[in-house]
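In what follows, a single structure is set out as structure tokens and then discussed.
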Amino acid sequence: MIMNNNVEKLTYKAAITELEVIIDEMDDMAIGVDELAEKVKRAAFLLQYCKDKLHSTESEVNEVLKIFDKESGEQQEIK
């Protein structure tokens, strides 16, 4: 489990997997009071990372689609 906040090595899939583990531990009441605050902080970090990653990916896809639409429009004008 990745416990530091090193974003460089974190992937979306790893973040989701770690979040699922934390949620399962909370559901099973397997997290003690001593570690609860740290797990909640980590979960908050992971949620924000995933949210940012999704927004970033959406922006990148939209940019590619704009380029594709522009190129498609230019090809249609030539015909």
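Just to verify a result, which residue in segment 4-22, among those that are without any contact (Cβ under 8 Å) to a residue 12 or more places away in the chain and in a helix (DSSP H, G or I), is surrounded by the fewest Cβ atoms within 10 Å (Cβ to Cβ)? Residue satisfying both the conditions and the ranking: GLU8. Considering LEU54, LEU46, LEU65, LEU36, the condition of being surrounded by 14 or more Cβ atoms within 10 Å (Cβ to Cβ), on the phi < 0 side of the Ramachandran plot and not small (Gly, Ala, Ser) is satisfied by LEU46 alone.
Throughout, read-outs are computed from the coordinates displayed, never taken from laboratory work. This is a predicted model, so every value here is computed, not measured. All Cβ positions, even for glycine, are placed from backbone atoms using ideal geometry, and neighbour counts span all protein chains on display.
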